[in-house]
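Take a look at the structure set out below.
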Amino acid sequence: MVIASELPTFHIPQRRVITPPADLELFRHHHDRAQLAQITQSLEYRICADTAAANFKETPTVPVWQWAAEKVWLDAKMAAEEGWYDPDKTPWMKELQELPLRSDVREAVVKKPSRSGATEAAFNILRWMPDNWPGNAGIVFPEDKQGRDVTKRRLLDSLAKTAAAQLSPDEHDNGLSNIYLTNMLIKMGPSGSSRMFTEWWVRYFILDELEEHDATDSTTTYERALSRQTDVSDSLLVAISKPKKAGGPIDRAFIRGTQKEWNMLCPRCEQRFVLSRSQFQNDADCRHPDGTWDLLAVEKNTYCVCPRCQGRIHESEKRLMNAAALWIPRDPQHRRRGQDGKYVPPVPGVESYQLSDYVSYHPKVSWGKLRVMALLAFEIQPSHTAKVHYINNHEGECEEQDIVSTDADTIAALVAGRVETRKVKSADGTEIEQTTTHGIPGGYRLAYRHGVFSAPLPFTPTQIVIFIDKQKTHLKFSVWSVRIDALLSGQCEAHLIDLGREDDETALLANVIPRSYRITGIDEPMHITAGFFDSRYRGQAVYKFCLQCFHDLGLQIWPVRGEGEAEVFKKKKDGAPDSRSRDTARGRMLRYIEDICDLGKLMVRYFKDHPLQHELNDKLTRAPGWRLWLPTDYPAEFAAELTAEKYDQGTDTWVHNSQKFGPNDWRDTTKYLVLWLLEHLPALLKAHDLTIPPTEDPPDEEAGNYQNQREYVLKPNQKISDNG
Ligand SMILES: [Zn+2]
């Protein structure tokens with residue numbers, strides 16, 4: 001018999017036909033066995049069996065994480081420590097790596113903090129695929145460069161090790177965008193690249209940092225990826241991201257899934273709970289004698305209080321708690337709702353997970369370190385952006401929209417000397433009235449009214465600063481006292497002491513800049529030494545004014561201008577070299593750009609308007625941190641202008657309708673005060689020997705070099721030494 005090189009057709013040899021005996025079961029059984037033996041002993045059968053064995057594998061039963069522990073070596077390029085992948089370092093990521101074995105799950109959504117191990121887990125599935133679950137796979141990153149870096153560093157090398165025999169022998173094939181294996185194609189690319197979502201079918205999709213994906217299209221990358229999987233019978237889509245705003249891409253995807261949380265077991269009462277910020281505490285001995293936090297002591301002595309039994313849990317028990325932890329879906333009552341407040345039922349086949357850094361073993365996010373970061377962001381140096389950064393990056397949670405627009409009452413509450421009365425129940429049950437005075441008892445008055453001296457200041461400013469808003473026909477300014485004192489909230493306060501309107505720069509220089517501000521009990525008056533000047537309109541005139549003040553009087557008044565998120569801070573898409581300032585990157589509130597006028601060069605401060613509006617709103621609504629105070633005789637127009645800008649929750653924008661609410665010039669000058677303090681407060685505190693809490697946040701390990709994901713870090717450029 002000649003065996004053809006192609007697969008032989010299967011037939012039962014006819015030579016020794018065994019005649020089936022009639023009607024006797026015993027004989028018929030014997031006949032069947034004889035026929036079976038004839039088939040299995042045939043050459044054709046052996047060829048078929050060998051071919052089948054070479055092409056089909058048994059359905060794998062070992063989960064990916066277990067396979068990875070034996071097969072995935074992470075070298076120094078991929079992990080902080082070299083070694084085999086250790087599933088017990090991120091036990092919460094085991095379940096994700098079991099999903100390819102579960103035919104009922106088609107989508108998985110991970111809403112995560114900066115260190116979760118989610119990306120590595122998703123990569124493990126990919127590394128496991130060639131031998132166990134071959135099929136096309138796609139990895140989508142926010143930007144091309146990130147995709148390339150991560151692929152190079154974390155995927156190509158480890159694939160070469162685990163699936164070397166299957167890597168396409170053509171070196172050129174294994175470029176950084178495609179990896180060809182004998183039985184699968186892996187494509188990776190940026191979210192805006194159409195080749196990721198056309199002309200192929202994808203068994204396994206990874207959408208990494210979904211929140212940062214291009215959303216210019218009417219569809220999201222999540223929907224586009226799903227559309228590439230509709231004809232694949234056992235597909236899986238994994239979307240991973242740190243969240244940003246509530247209702248953002250990862251939040252929407254999370255809401256429609258099972259909404260699982262990592263429920264740990266309390267070592268005291270053996271009940272389950274999810275770790276959260278409010279459970280972390282310190283004893284009184286973590287404070288200095290003056291009541292301020294001793295952050296070194298906090299870092300060493302933070303413990304967790306079980307919300308069930310109030311028992312104390314030490315960080316060394318975390319491993320025990322993680323070992324017994326389970327992913328538990330939120331019950332229907334506590335499911336996170338849609339942005340419209342409506343209940344969203346879980347879509348079958350969608351697992352969604354929410355995770356915080358509190359479970360992590362990483363030394364940079366120990367309970368103590370996280371507690372210090374939380375105290376700084378929420379209590380010691382609170383700011384809107386610091387809070388959002390903490391919530392997004394460490395709690396893996398969204399920023400909720402809770403902005404209260406300011407109205408006349410909000411502004412009235414800023415008046416120094418305001419007395420607040422509230423009823424308090426005393427020990428014997430009777431009600432007593434308790435009064436609190438906010439700010440200087442009796443308040444204070446404006447130093448100048450309509451340009452005429454009115455009253456001395458009852459406090460000594462550290463510095464007097466001016467902020468000027470430029471309109472087409474006139475200038476409006478407000479003058480503030482900035483006071484630094486260890487005992488103040490946020491160690492700083494600002495009082496409005498003067499405001500007004502002048503025709504132009506010449507009038508401002510003649511009438512306002514030389515003003516003397518007298519202080520009760522002190523002979524020497526004080527003067528304006530610094531400030532910001534809006535340079536959006538007729539910038540040249542502003543530049544000349546600033547340089548003249550600097551050269552003639554030594555004043556540090558510098559031009560500022562605002563810009564929208566869409567204008568200049570938006571990342572460049574075409575990859576053209578960026579000719580703008582280094583501080584252009586997303587994640588900066590402020591950047592410095594050199595400009596020139598007749599009198600010479602100077603630095604212009606460009607700020608992001610949107611987050612600064614939020615910071616101003618925090619100050620106007622008396623959020624913790626440095627305080628802003630108004631005099632008892634502040635003009636009604638000032639209050640009206642402060643409230644002229646409204647926040648639109650639906651579109652997340654600040655809207656100024658001048659037809660309806662009038663001008664907002666003094667609001668702008670107050671906004672510049674907030675910006676000035678954002679820039680100068682650390683230096684002012686340092687000059688007064690006050691401790692500046694560390695603001696350095698650990699880098700985002702999973703994102704590798706995604707440095708521009710840091711949000712709104714205020715980082716002055718060296719160039720400001722020219723003028724700052
Ligand atoms: Zn307990």
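The values are calculated or read from the model by the stated rules, or taken from the named source; none is laboratory data. All of these numbers come straight from a predicted model, not from anything done at the bench. Note that we place each Cβ from the backbone using ideal geometry, even for glycine, and neighbour counts take in every protein chain shown.
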| request: Could you look through the range 282-301, keep only residues that are of a type in the set (S, T, N, Q) and out of contact with any Cys (no Cβ under 8 Å at 6 or more places or on another chain), and pick out the one that is modelled with the highest pLDDT? | output: Asn282
| message | Against the definition (more than 16 Å from the ligand (Cβ to nearest atom) and not assigned by TED's automatic domain parsing to the domain that holds Pro134), how does Asp234 come out, yes or no? | response | no
| query | When you look at Val419, is it assigned by TED's automatic domain parsing to the domain that holds Gln434 and modelled with pLDDT under 85, yes or no? | reply | yes
| said: Return the residues of the range 98-125 that are assigned to a helix (DSSP H, G or I) and either more than 25 Å from Tyr361 (Cα to Cα) or of a type in the set (Gly, Ala, Ser) (or both); say none if nothing qualifies. | reply: Pro100, Leu101, Ala118, Ala121, Ala122
| request: May I ask you to verify whether Tyr537 is among the hydroxyl-bearing types (Ser, Thr, Tyr) and modelled with pLDDT of 90 or more? | output: no
| task | Answer yes or no as to whether Tyr361 is touching a Leu at 6+ places or on another chain (Cβ under 9 Å) and not polar (S, T, N, Q). | result | no
| said: All but one of (1) basic (Lys, Arg); (2) in the same structural domain as Pro87 (by TED's automatic domain parsing); (3) under 22 Å from Met93 (Cα atoms) hold for Arg337; state the number of the condition that does not hold. | reply: (3)
| query | Could you list, in sequence order, the residues of the range 464-478 that are among the charged types (D, E, K, R) and touching a helix residue (DSSP H, G or I) at 6+ places or on another chain (Cβ under 7 Å)? | reply | Asp469, Lys470, Lys476
| request: Could you tell me whether any residue of the range 96-105 is modelled with pLDDT of 85 or more, closer than 19 Å to Ser352 by Cα, among the hydroxyl-bearing types (Ser, Thr, Tyr) and more than 25 Å from the chain's Cα centre (by Cα)? | output: yes
| Lys364 being exposed (fewer than 14 other Cβ atoms within 10 Å of the Cβ) and either modelled with pLDDT under 90 or out of contact with any strand residue (DSSP E or B) (no Cβ under 6 Å at 6 or more places or on another chain) (or both) | no
| field | Subset of the range 317-330 (residues that are more than 16 Å from the ligand (Cβ to nearest atom) and free of Cβ contacts under 8 Å to residues at least 60 places away in the same chain) | value | Arg319
| query | Do we find a residue being within 16 Å of the ligand (Cβ to nearest atom) and in contact with a strand residue (DSSP E or B) (Cβ under 9 Å, 6 or more places away or on another chain) anywhere in the range 351-360? | reply | yes
| request: Could you list all residues from the range 378-409 that are assigned to a helix (DSSP H, G or I) and at pLDDT 90 or above? | output: Val388, His389, Tyr390, Ile391, Asn392, Asn393, His394
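For (1) crowded, with 17+ Cβ neighbours inside 10 Å; (2) under 35 Å from the mean Cα position of the chain (by Cα), each residue gets a yes or a no:
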residue: Glu400; (1), (2): no, yes
residue: Pro441; (1), (2): no, no
residue: Thr460; (1), (2): no, no
residue: Ser489; (1), (2): no, yes
residue: Leu496; (1), (2): yes, yes
| Residues of the range 274-291 that turn out to be surrounded by 14 or more Cβ atoms within 10 Å (Cβ to Cβ) and more than 16 Å from the ligand (Cβ to nearest atom), as a count | 4
| query | Does any residue of the range 182-191 turn out to be touching a residue at least 24 places away in the same chain (Cβ under 8 Å), part of a helix (DSSP H, G or I) and charged (D, E, K, R)? | reply | no
| request: Only residues that are of a type outside the set (Asp, Glu) and under 15 Å from Leu275 (Cα atoms): list them for the range 331-368, please. | output: Tyr353, Gln354, Leu355, Ser356, Tyr358, Val359, Ser360, Tyr361, Val365, Ser366, Trp367, Gly368
| message | What's the number of the only condition in (1) more than 16 Å from the ligand (Cβ to nearest atom); (2) in contact with a Leu (Cβ under 7 Å, 6 or more places away or on another chain); (3) not basic (Lys, Arg) that Gly247 fails to meet? | response | (2)
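Conditions tested, residue by residue: (1) at pLDDT 95 or above; (2) more than 16 Å from the ligand (Cβ to nearest atom); (3) farther than 30 Å from Glu212 by Cα; (4) within 28 Å of the chain's Cα centre (by Cα).
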| position | (1), (2), (3), (4) |
| --- | --- |
| Lys260 | yes, yes, no, yes |
| Tyr303 | yes, no, yes, yes |
| Arg308 | no, no, yes, no |
| Arg312 | yes, no, yes, no |
| request: Sort through Gln339, Gln333, Gln271 and tell me the only one that's within 16 Å of the ligand (Cβ to nearest atom) and not aromatic (Phe, Trp, Tyr). | output: Gln271
| note | Across the range 291-316, the tally of residues that are in contact (Cβ under 8 Å) with a residue 60 or more places away in the chain and under 14 Å from Leu275 (Cα atoms) stands at 3
